[in-house]
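Colleague: Attaching a single structure in structure tokens format; questions to follow.
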Amino acid sequence: MLSKRVIACLDVRDGQLAKSVRFVDTKNIGDPVEKAREYYLDGLDELVFYDITASSDKRKIILEVVEAVAEQVFIPLSVGGGIASVADATELRLAGAEKINVNSAAVRRPALIAECADAIGNQNVVLSMDIRRVAASEALPSGYEVVIEGGRRPMGIDALAWALQGERLGAGELVVNAIDADGTRAGYELRLTRMLSEAVRIPVIASGGAGRPSHLYDVLTEGKADAALVASMVHYGDYTVSGLKRYLHDRGVKIRMSWQ
Amino acid sequence: MVVVDYDAGNLMSVQRACRELGVDAEISNDPAHIRAAERIIFPGVGAAGSAMRSLRTTGVGAALVDAFHAGAPILGICLGMQISLDHSEENDTRTLGIVAGEVRRFRLDDPALKVPHMGWNAVRVVRSHPVLDGIAQGDEFYFVHAYRPLPARREHVLAESVYEGAFCSALGTGNYVATQFHPEKSGRAGLRLLERFLAWDGRA
């Protein structure tokens, strides 16, 4: 049967690794290519690059990063950040990305999901959702709202409804990023992750809030996620990818433990 | 070494993995190059219908079948594997017929199991083969597929994986071998398998 995946997310700005805390105050913390290789050799199951480069004239840099990583990292590679067209997606695929993450642009224009799915296949289109907790209301019955632009702009769209629409439009996977938890290291949003994982029939990747190994365990069991995304936990050297996988494996989570 | 190009994607990652193993692979959709190739990788992701259309119009499909009969070692990957059987349920497509059998969509009873079958899964070799014999206990490989092959003859099934029930995850006959998983995306276990294919003389 399938193993649960441990995925590392590298936020890249101007070709450098950055880590955001609640989406603001990003700091540079190193060379993304070097980090990617290090995690790959340490048993990582999948890698995500999120391009947070602000100026569009520097967008080419992410292509160079992806290309350099694809030369030496032989696990699935996923890229997101600012993808607004099939052309953007195709360019990244040619550079070596397996999967494409769409986010804000898909919220503004949902047809983007279907267009990308047609062009590169459902399984390669990941709908990445930034979600914040709100009071449940008629417009937001699930109590979770979709936000865009790195968490700055609430859209008045219900997160559950958007996940289901994204699946219908052809997304092959969901990234559920709880912005209330992002960078806090206080744990994933279990209730949100479980709600969405039970609602859709595509894999769900939990994102935002990982600080301790037990957080991964919780989201992969109680939260019913198919994969757990980590960032600061491993970027700062507090934990290693192999250490996290060993922890999960020892507690009975099905994990790929052979990578030598 | 030729990587077959038929608008089905995934070529570059196969080429990169070969380069990592010290082999320069040419990406080609020229039937003459494919017929003359010493060794062929036939990759692919996407749908069977459009892939077969492309293989027919370009003549690449016929060239592959010729190369198979001429004895060149061929490795099919994912859709490249599925297209080697007789028929695929996907788009109700007649395929190349190198291996007898058909391809059908996963039909699972457990509603918690998702289709496509996507992620890392174990592969158990059920028939010893030079390309697969390096797979160690515990090795897992990366899969992304909604359809699975059902070879008509048991001896063509080389390896199995489990997703609810067991399914054929590697098959082969003579100088043709194929995997449902992506060795080029399966870390070092995948690279080891590719390395064995690159050294294989085509004799099972």
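No value in this document is a laboratory result; all are computed from the given coordinates. Only a predicted model underlies this, so the values are computations on that prediction, with no experimental measurement involved. Methodologically, a virtual Cβ is constructed for each residue, glycine included, from the backbone with ideal geometry; neighbour enumeration extends over all protein chains shown.
Colleague: Which of the lysines could a cross-linker span from residue A:99 if the Cα-Cα distance has to be under 20 Å and same-chain partners fewer than 8 positions apart are dropped?
Modeller: Answer for residue A:99, where 20 Å is the Cα cut-off: A:4, A:35, A:60, B:114, B:185, listed by chain and number.
Colleague: Please give me the summed charge of the neighbours of residue A:213: other residues whose Cβ is under 14 Å from its Cβ, Lys and Arg +1, Asp and Glu -1. Before the final figure, lay out the partial values.
Modeller: Working: positive: A:4, A:185, A:212, A:245, A:246, A:251; negative: A:218, A:238, A:250.
Taking every other residue near residue A:213 into account, the sum is +3.
Colleague: Quick check: convex hull over the Cα atoms of the protein assembly as shown, volume per residue in Å³, rounded to an integer? Let's see the in-between values first.
Modeller: On the way: hull volume 60.7 nm³, N = 464.
With only Cα atoms used, the protein assembly as shown gives 131 Å³ per residue.
Colleague: Just to confirm a number: summing +1 for Lys and Arg and -1 for Asp and Glu over residues other than residue B:113 whose beta-carbon lies under 14 angstrom from that of residue B:113, what do you get? Before the final figure, lay out each step's value.
Modeller: Working: positive: A:4, A:201, A:224, A:254, B:105, B:107, B:114, B:148; negative: A:198, A:226, B:109, B:110, B:164.
Result for the neighbourhood of residue B:113: +3.
Colleague: Right, next: How large is the charge dipole for the protein assembly as shown, taken about the Cα centre, if only the Cβ atoms of Lys, Arg (+1) and Asp, Glu (-1) carry charge, to the nearest 20 debye?
Modeller: Working: 52 positive and 59 negative charges, 134 e Å.
The calculation lands at about 640 debye.
Colleague: Let me ask something else about it. Based on the Cα gyration tensor of the stretch A:5-250, what are the three equivalent ellipsoid semi-axes, each the root of five times an eigenvalue, rounded to whole Å and given largest first? Let's see the in-between values first.
Modeller: Details: eigenvalues 118, 98, 56 Å².
Listed largest to smallest, the semi-axes of the stretch A:5-250 are 24, 22, 17 Å.
Colleague: On to the next question. Net charge near residue B:39: determine it from the other residues with C-beta under 14 Å of the C-beta of residue B:39, scoring Lys and Arg +1 and Asp and Glu -1. Walk me through the numbers before you get to the answer.
Modeller: Working: positive: B:35, B:196, B:203; negative: B:24, B:26, B:38, B:195, B:201.
Net local charge, residue B:39 excluded: -2.
Colleague: Once you mark the trypsin sites (Lys or Arg not before Pro) that are in a DSSP loop and have at most 13 other Cβ atoms within 10 Å, what is the longest gap between them in chain B?
Modeller: Details: sites that count: B:107, B:153, B:203.
Of all site-free stretches, the longest is B:1-106.
Colleague: What is the mean number of Cβ atoms from other protein chains located within 10 Å of the Cβ atom of each residue in peptide B:117-124, rounded to a whole number?
Modeller: Values: counts 3, 11, 12, 12, 5, 6, 0, 0.
Averaged over the peptide's residues, the number is 6.
Colleague: Once phi is turned into θ = phi - 60°, what whole-Hz ³J(HN,Hα) does the Karplus curve with 6.51, -1.76 and 1.60 give for every residue of the stretch B:40-45, x standing for Gly and Pro?
Modeller: 3J(HN,Hα) across the stretch B:40-45, in whole Hz: 9, 10, 10, x, x, 10.
Colleague: Another question, then. Using bins 5 angstrom wide from zero, how does P(r) for the stretch B:2-199 break down, in % of all Cα pairs?
Modeller: Using 5 Å bins, I get a P(r) of 1, 8, 18, 22, 22, 17, 8, 2, 1, 0 for the stretch B:2-199.
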